Amino acid sequence: MSLIQSGFIYWFFVVLLMIGMYGAVGKDNLVKKLIGLSIFQTAIILFYVSIGFKNGPATIPILQGGHGEPIKDIAAASYFNPVPHVLMLTAIVVGVATVGVALAVIQRLYAEYGTLEENEILDKIANS
Amino acid sequence: MSDQLIILAIIYPLFVGVVTSLMPCRERLLAIWGMVHLALANLLSLGLLVQTLTEHQVTYHLSGWAPPLGIELRATVFSGLISWLISAVALVGFIGGRDTWKDQVGERLPHFLALFFLLVAAFQGLCLSNDAFNLYVMLEISSLATYGLIAFGGGRAYLATFHYIVMGTIGASFYLIGVGYLYIKTGTLNISDLAQILAGVPWTEAYILALGFLIIGLLLKMAVFPLHLWLPNAYTYAPDATSILVAPLSTKLAVFLMFRVMFDIFGGVIDDNIPSWSLFMVLLASFGILAGTSLSLAQRDLKKIFACLIVAEAGYMLGGLWLHDPRGNVGALFHLVNDAVATLVLFLVVVAVQESVGGRNLGHLSGLFRKSPLTAAALIVVAFNLIGVPPFAGFFSKATLITGAIASGRLEFVVALLLASLGNLVIFFRILERAYFPSEEPFEEKWTRSKRGDVLGALALCIGLFLIVLGLQSNTIMDLFIRPVVPL
């Protein structure tokens, strides 16, 4: 139990990852597959963002001090790690691009076969 | 200027791609435009290769931010070679695929070529970047460009693309999780920095888990046997102008990335820490070689036969990398170079065959020799290379792999390699028999020579003969490019 409590966010990440994986691999409908894939990628974003988190009072990593006041550096111990968040900006863009390409392909598939069920498409390919 | 070569090798094709997407759809103009710029990209990569040979290693800090904070590019002698190989394959693939543009790509040609250049840029980045997360981005850019390029095939290519998107994204995401674990443990993303930190700490479960995620992700990208399902259809139904660029490079760069993970990040000491993994991996590779070859034997479409051979070839390189012997590792990297060139010839031959006989099923091949002798000759050359006849490069890479396998006592890998050679013999015998000894008596008018087929056949033959040079100089190439990067 303490194992689950101490790393709750990681368990959540793994569960989400598996839900996404099941959707992407196990479902027959292409849109559901894509939703699964999206959940899969989101789980990883959650994982990365949680890396930067820290318990207790912490601030954002910018220089502090208002206009005209002396600028205070803030100690590394007192701010969230921004790097994983920045990395995820890129990963989100990659995810959006993937979903976009996949949706375009799905649209073409629907125009071609008139269905989005994978087994029906495969049947139509086999019969043609 | 010369210290900017490494970044130019990446961003030059990128900018050319952006401009290409805005150009009018005039085939001849685009062909000249593309060829000129790819030739210039070749010069850039060649300059980089010379630079790596003289300076041994070239590094570049993006925006001047020094490495653990900023992104670093780094070229060793081997990545210099691969960088040039990418440019060269792109140029030859561009010329070879040109004839198929009108039929298979149509009026969206500028967009197709923009993706083509984007893919070249992503491949260059994948080969030259020294930042684990940057490599993920490059991996995804190359995949995204490939999805688009494959979907241009229309019809059955759409479903193949969709499967590729699902499998490819899962693979890259696994790689990303692995990078995340490494980042949690070390706080850095730079590969050289990671290597330094990892060399000084005992391997806990977190590191092993990170390695596991990285390796599984890359196995998917490499299309090793049980994870290969996306590859044959995607490469078969893609336009020829796509497969001619993607097939020689895509899976090979995943192999190169696996090499970087194993030797640059984890310092080549995986065997000492977790010996059971290499046992499993070599077994998987042996199995994959046999499975890929048998899959290929079952096909009747020339392009699909060759696509399945790529699955088998991935097994050769995977096994070589995980052999507990430097000769095996050297063999794997030499096979990477050899296989990239050989696959390029294979897919050039596919285009040449379609031009000469109007189809690519085994049945169409009948009498290929009369219609286009040069294509038939190129087919023989590449067949010899894949079977492993000396003095072709394929013989030397297999010989090195087998020496390494015997030295580390992995007989199953030796058996798989020998059986695969036998399998390739059967595959190419079936093809060549039809090409040279047609069963039916032909009508006179069917024997017209195909000029375009012959031109493409000549191109394929020239590259095929380059494989002999590669074979005869194999020891020099290994000494110059490969042995310096493999830890002994």
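Computed from the coordinates by the stated procedures, all read-outs in this text should not be read as laboratory data. Since this is a predicted model, take the numbers as computed values, not measurements. Because the Cβ atoms are built from the backbone with ideal geometry, glycine has one as well, and the counts that use them run over all protein chains shown.
What FRET efficiency comes out for the pair A:Asn29/B:Ser63, r = Cβ-Cβ distance, R0 = 51 Å, nearest 0.05? Let's see the in-between values first.
Numbers: r = 45 Å, r/R0 = 0.88.
The value I calculate is 0.70.
Normalising by the residue count of chain B, find the relative contact order in percent from Cα pairs under 8 Å and 6+ residues apart.
Details: 839 pairs, mean separation 68.5, N = 488.
Taking the mean separation of contacting Cα pairs over the length of chain B, I get 14 percent.
Helix B:302-322 sits at what angle to the longest principal axis of chain B, using alpha carbons and giving 0 to 90 degrees rounded to 10?
The angle comes out at about 20 degrees.
Could you tell me how many degrees, from 0 to 90 and to the nearest 10, lie between the Cα long axis of helix B:326-357 and the main elongation axis, the longest principal axis, of the Cα atoms of chain B?
The helix B:326-357 is inclined about 30 degrees to chain B.
Could you work out how far apart the two model spin labels at A:Glu69 and B:Asp3 are, taking each label as a point 7 Å from the Cα in the direction of the beta carbon, and quote it in nm?
4.1
Charges on Cβ only, +1 for Lys and Arg, -1 for Asp and Glu, centred on the Cα centroid of the range B:92-227; of B:Gly97, B:Ala114, B:Tyr136, which one is farthest towards the dipole's positive end?
Highest projection toward the positive end goes to B:Gly97.
Using Cα pairs closer than 8 Å and at least 6 residues apart in sequence, work out the relative contact order for the range B:179-260, in percent.
On the way: 42 pairs, mean separation 21.3, N = 82.
The normalised contact order for the range B:179-260 reaches 26 percent.
How would B:Asp131, B:Asp103, A:Asp28 line up from fewest to most surrounding beta-carbon atoms within 10 angstrom?
Working: B:Asp131 24, B:Asp103 10, A:Asp28 13.
Least crowded to most crowded, the residues run B:Asp103, A:Asp28, B:Asp131.
Going 7 Å from the Cα of B:Arg26 toward and past its Cβ, which residues in the range B:107-129 have a backbone nitrogen under 19 Å from where you end up?
B:107-114
Looking at the range A:71-128, which trypsin sites (Lys or Arg not before Pro) are in a loop (DSSP not H, G, I, E or B) and have at most 15 other Cβ atoms within 10 Å? Spell out each step's value before the answer.
Working: sites: A:Lys72, A:Arg108, A:Lys124; in loops: none.
When the trypsin sites (Lys or Arg not before Pro) of the range A:71-128 are filtered for loop state and at most 15 Cβ neighbours within 10 Å, nothing remains.
Let me have the relative contact order for the range B:274-488, percent, based on Cα pairs under 8 Å that are six or more residues apart. Before the final figure, lay out each step's value.
On the way: 359 pairs, mean separation 62.3, N = 215.
Relative contact order here is 29 percent.
If I take R0 = 51 Å and measure r between the Cβ atoms of B:Glu205 and B:Leu418 in this structure, what FRET efficiency does the formula 1/(1 + (r/R0)^6) give, to the nearest 0.05? Mind dumping the intermediate values first?
Values: r = 38 Å, r/R0 = 0.75.
According to the calculation, E is roughly 0.85.
Give me B:Lys371, B:Lys102 ranked fewest to most by other Cβ atoms within 10 Å of their Cβ, as a rough exposure proxy. List each step's numbers first, then the result.
Details: B:Lys371 25, B:Lys102 11.
If I rank by nearby Cβ atoms, fewest first, I get B:Lys102, B:Lys371.
Using label points projected 7 Å from each Cα along Cα→Cβ, tell me how many nm separate B:Leu425 and B:Leu40, to one decimal.
Simple spin-label model gives 5.0 nm for this pair.
If you take every DSSP beta bridge whose two residues both sit in the protein assembly as shown, what share of them, in percent to the nearest 5, is antiparallel?
Details: 10 of 11 bridges.
That works out to approximately 90 percent antiparallel.
Which angle from 0 to 90°, rounded to the nearest 10, does the C-alpha axis of helix B:205-222 make with the longest principal axis of chain B?
10
What's the magnitude of the charge dipole for chain B around its Cα centre, counting Lys and Arg as +1 and Asp and Glu as -1 at the beta-carbon? Answer in Debye, nearest 20.
On the way: 27 positive and 28 negative charges, 182 e Å.
The calculation lands at about 880 debye.
Just going by the charge dipole of the range B:274-488, with Lys and Arg at +1 and Asp and Glu at -1 on Cβ, which of B:Ser276, B:Ser372, B:Leu297 is farthest out on the positive end?
Going by the charge dipole, the pick is B:Ser372.
Where does each of A:Met21, B:Met317, B:Met258 land when they are ranked from fewest to most other beta-carbon atoms within 10 angstrom? Intermediate values should be presented prior to the final figure.
Numbers: A:Met21 17, B:Met317 28, B:Met258 24.
Starting with the residue having the fewest Cβ neighbours, the order is A:Met21, B:Met258, B:Met317.
So how much slack lies between B:Glu433 and B:His56, counting 0.36 nm per residue of separation and subtracting their Cα-Cα distance, in nm?
Values: separation 377, 0.36 × 377 = 135.72 nm, distance 4.76 nm.
That works out to 131.0 nm of additional length.
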